[in-house]
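Structure record follows, encoded as C-alpha cells.
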Amino acid sequence: MRANRGFTLVELLVVIAIIGVLIALLLPAVQQAREAARRMSCNNNLKNLVLGLHNHHDTFGYFPAGGDSTNNDNRQMWGWGAHILPFIEQNSLYDQLEVSQQDLKVTLDQLDSASQLSLLQTKLDIFICPSDPGGHLMDGGEMNSGSGRHFNGDSAIGTGFRVAKSNYIAVIGLFDVNYLKNNGIMYRGSKKRIADITDGTSNTFILGERNLRCAQGAWVGNRNLKGSGPQGADYTLGRVSRPLNDPLEGTNQCIEGFASEHPGGALFAYADGSVHFISETINYRNAGVNGQNYHNNDALPTYNANNLGTYQRLGICDDGQPISDF
C-alpha cells in the first residue's frame, strides 16, 4: 500500500509565512501603482483646466479673475472655475447658472432659488483629484470641506449649505487672499494677460492643489470675499507665502495655501499649460511677507525680492528674479 502524503504542521506554517511575506511585498507595489494612476489623472485635470483658462484668454483677451470682486463683505461671488465652464465642455451648466449675465460687481442672487442651489452642487470630476479622500461627509464626499466651510453669505440658505468641491486653486502670489493688488496671475478682480507675465509663462504658477485636510475649495466661487478663516476668498484662491503641505491647519494657515495627498509634494499648473510635481522640500523663503490681513487700500508690504525662495518666485508673475533648478 502507498502511504498517504500530506503537509506537516511545520510545512503548513512555513507556506503561510511565505504567502504573508509575498502579500506584504505586493501591497505597497499595488498602492504605488494606484497612486501613480491617480496622480496621472490629477495631472490631466490640471492640463485641461489650464487649457480652459487659455481659451478664456483667447476669447476675452485676459485670464479670468481668481474671484470676482465686490465691496460687500458677505456676498457670494463667482470664481475662475465658473467663468471657464464653457471652455471645459460645461456650456449648459454655465448657461443655467447665468454666469455670463452678471458683471464683476453682481452677487449670486440666484442662491435663493432651489433649482439653482442644486446646480451649485454639481460634481465636476475635472475639479477633483482622485487621490483626495473626499469632501464633506454629510454631502457624500463631493462638497467642499472644512469647519465652517458653508456658502451662506447674504443669502437665506443657512449655514448647512455647501457647494461642490474643487481641489484646484488659483495662485494669487504672496499677499492675503482678499487683497486686490496681488502679484500672481489670478486674484480678486484680476484681468491679467499673458503679456503681463513678464517672468515668463514657463516660470509662473497659475493653479495648484489643495486637499481635504486644508479644506479644499469650490469651483463655483467664494462665500465671503473679505471674510477670515475658512469663509473668505480662499475658496478659489491660494498664496505661496504659506509653505507647501503646511502641517498647520488653523485659521489663515494651510487653508490659504497649497497641499495634496500625493506623497512628498503637489502638482502645479504653469501659465504655459504644463503641469509639474513640486516637492514640499522646494526652497522656501517668503522674505518676511506673511500674507495676512492686508486691505484693499493698504500699501503693499515691503520685501526684498532677492530674498525670495524658489517657491515664492514661481508664484509671482513679475518679480524679475531668476528661477534656479529645483
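The values are calculated or read from the model by the stated rules, or taken from the named source; none is laboratory data. Computed from a predicted model, the values in this text were never measured in an experiment. Every residue, glycine as well, gets a Cβ built from its backbone with ideal geometry; the counts of neighbours run over all protein chains shown.
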(message) Report every pair of residues separated by at least 6 positions or lying on different chains whose Cβ atoms are under 7 Å apart, first residue within segment 279-301 and closer than 17 Å to PHE326 by Cα and acidic (Asp, Glu), second surrounded by fewer than 17 Cβ atoms within 10 Å (Cβ to Cβ) and modelled with pLDDT of 75 or more.
(response) GLU280/GLY264
(request) Take the residues in segment 188-202 that are at negative phi and not in a helix (DSSP H, G or I), then tell me which one is surrounded by the most Cβ atoms within 10 Å (Cβ to Cβ). (result) ARG188
(request) Looking only at segment 65-75, decide whether some residue is in contact with an Asp or Glu (Cβ under 7 Å, 6 or more places away or on another chain) and at pLDDT 75 or above. (result) yes
(message) Please determine whether any residue of segment 203-214 is buried (at least 24 other Cβ atoms within 10 Å of the Cβ), closer than 17 Å to ILE255 by Cα, modelled with pLDDT under 95 and more than 15 Å from the chain's Cα centre (by Cα).
(response) no
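Could you list, in sequence order, the residues of segment 176-187 that are over 13 Å from PHE258 (Cβ atoms) and buried (at least 24 other Cβ atoms within 10 Å of the Cβ)?
ASP176, ASN178, TYR179, ASN182, ILE185, MET186, TYR187
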(request) Could you check how many residues of segment 79-117 are in a helix (DSSP H, G or I) and modelled with pLDDT of 85 or more? (result) 16
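Yes or no: segment 245-258 includes at least one residue that is modelled with pLDDT of 85 or more, in a loop (DSSP other than H, G, I, E, B), surrounded by fewer than 23 Cβ atoms within 10 Å (Cβ to Cβ) and touching a Phe, Trp or Tyr at 6+ places or on another chain (Cβ under 9 Å). It would help to see each step written out before you state the result.
From segment 245-258, those modelled with pLDDT of 85 or more are 245-246, 254-258; that's our starting set.
Now drop any that are not in a loop (DSSP other than H, G, I, E, B), which leaves 245-246, 257-258.
Keeping just the survivors that are surrounded by fewer than 23 Cβ atoms within 10 Å (Cβ to Cβ) gives 246.
Okay, now just the ones that are also touching a Phe, Trp or Tyr at 6+ places or on another chain (Cβ under 9 Å), so 246.
Within segment 245-258 (the criterion being modelled with pLDDT of 85 or more, in a loop (DSSP other than H, G, I, E, B), surrounded by fewer than 23 Cβ atoms within 10 Å (Cβ to Cβ) and touching a Phe, Trp or Tyr at 6+ places or on another chain (Cβ under 9 Å)), the answer is yes, since at least one residue qualifies.
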